[in-house]
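The values are calculated or read from the model by the stated rules, or taken from the named source; none is laboratory data. Since the structure is predicted, the reported quantities are computational estimates derived from the model, not experimental observations. Don't worry about glycine lacking a Cβ; one is built from the backbone with ideal geometry, like all the others, and counts go over all protein chains shown. When the accessible area is computed, the model is the full protein with side chains, heavy atoms only, and any ligands, DNA or RNA have been set aside. Shrake-Rupley method; radii C 1.70, N 1.55, O 1.52, S 1.80 Å.
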Amino acid sequence: MKPSILKNLLRDNPVAVTGMGAFSSAGNSVETLWNAAVAGQGLAAWQEFDFENESLRFAVCTAPALDATSPQMHPVRKMDRCVQLAWVAAEQAWKQAQLEGAYPATRIGIIVASSRGPFSKRNESFKAVGRHKYPPSLSANSTFASLGGALGLALKIRGLGATVSATCASAAFAIGMAAEQILLGNCDAVLVGGTEAPLQSAILAQLHSAGVIGSHEEAQKTCRPFDLTRNGLVLGEGSGFLILESAAAATARKAKIFALLTGWGLSLDNAGRTSVSEDGAGLLQVMEHAMNLADATVEKIGYINAHGTGTKMNDAAEASAVKTLFGEHAAALPCSSTKPVTGHCLGATPALEAIIAIEAIRRGIAPPTANCVQLDPHCPINPLSTGSKATDISMAMSNSIGFWGYHGSLIFARA
């Protein structure tokens, strides 16, 4: 679809956010996520992971334990942990939007994003090979489609469904695609978000081998976005979900609108499997696309939730792209990473950070970047290293960068 066509559709039929749900190391709600983001304290803790001949300790951000036997978890009690995390956040968003009975089931869609998907169930399926009785449930429960399938079954959704995987930008792609389905008239509302349960020895071994896992004597200070001493990320687990629907339809049914999704940019850079262009060209491209779609100027953006993983290359590339796009305005524009709080939840991260961006607009507060003590001169942005800032935010941007060059940028505006 040509950008001009999409822009016209969005102008005539704005897309609203009417529900949000979150489950992360910060707690089991949007409120706990927001409070932790504003507090600006790293939440990583040490955890032992078993490898073939040894046990290694990593700083990770772990979401609260779930009781699969509780009545709330009944629909997903036998599913992978990432599906269970998704269910908690998705149910919050669903109930907040009061979507039950609002539209025919065939007019409600569901798009779920993840980088690693039901990793535990896949591992279980490999280990079960050769057993006398192979668990038949693994045939369905180890698929990526189980993420959306289980939620759709529990909520009796019968509209469009899909699972999206675009590495660490997965949920950003899902959100943009969900909005497009609404604009095309294929759905009245879409439950969209991301989920990830990657705290597995194999995944930590992969990321450690790739050289992106950070280190520090204190676990909570391991992730240090934009800091001169940064040396890598902290892995986290969690889930975030939004309800998107036509603003006109939401208004007609008197639903509360938390924000408008006014722009998005999605692309694939060709910088390599795990790297980014040094000048952040890929991210610059999607930010420009999102701003064009949102009809936004650099002055209109009041806050950026940065990808900010705490890795040397990514942070510098992102800061370069922000500086290029926003020019002199970048020095004053609040731009923070909240990954020390949530950890890097891979494909779920863009959904959690979209929620933080929306809350920043609603509350008029830009959260800080935890652990950024000495700003790297190669990161010429304003990471709010001294604390949160009260400011009027009419528009907020949320950026995502992933392996294989997947880039996403979302823009939300005050309702």
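So the values come out like this:
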quantity	calculated
Verdict on His208 being modelled with pLDDT of 95 or more and either closer than 25 Å to Asn371 by Cα or aromatic (Phe, Trp, Tyr) (or both)	no
Any hit, region 215-230, residues being in a loop (DSSP other than H, G, I, E, B), of a type in the set (Phe, Trp, Tyr) and within 25 Å of Ala45 (Cβ to Cβ)	yes
Residue satisfying condition, being at pLDDT 95 or above, over 29 Å from Ala145 (Cα atoms) and open to solvent by less than 20 Å² (accessible area, probe 1.4 Å), within set Gly40, Gly109, Gly19, Gly27	Gly40
Those residues of region 274-331 which are more than 18 Å from the chain's Cα centre (by Cα), within 25 Å of Thr342 (Cβ to Cβ), assigned to a loop (DSSP other than H, G, I, E, B) and of a type in the set (A, V, I, L, M), in sequence order	Val276
Of all residues making up region 119-144, the number that are touching a residue at least 40 places away in the same chain (Cβ under 8 Å), in contact with a helix residue (DSSP H, G or I) (Cβ under 7 Å, 6 or more places away or on another chain) and not in a helix (DSSP H, G or I)	1
Residue match in region 365-384 (condition: more than 12 Å from the chain's Cα centre (by Cα), among the acidic types (Asp, Glu) and in a helix (DSSP H, G or I))	no
Positions within region 290-342 being among the acidic types (Asp, Glu), closer than 14 Å to Ile411 by Cα and in contact (Cβ under 8 Å) with a residue 60 or more places away in the chain, in sequence order	Asp295
Test: residue in region 176-194 that is among the acidic types (Asp, Glu), out of contact with any strand residue (DSSP E or B) (no Cβ under 8 Å at 6 or more places or on another chain), surrounded by fewer than 22 Cβ atoms within 10 Å (Cβ to Cβ) and more than 25 Å from Thr342 (Cα to Cα)	yes
Qualifying residue in region 385-398 (condition: of a type outside the set (A, V, I, L, M, F, W, C), open to solvent by 30 Å² or more (accessible area, probe 1.4 Å) and either in a strand (DSSP E or B) or closer than 19 Å to Leu283 by Cβ (or both))	yes
Which listed residue is of a type outside the set (Ser, Thr, Tyr), assigned to a helix (DSSP H, G or I) and touching a residue at least 12 places away in the same chain (Cβ under 8 Å), from Leu99, Leu147	Leu147
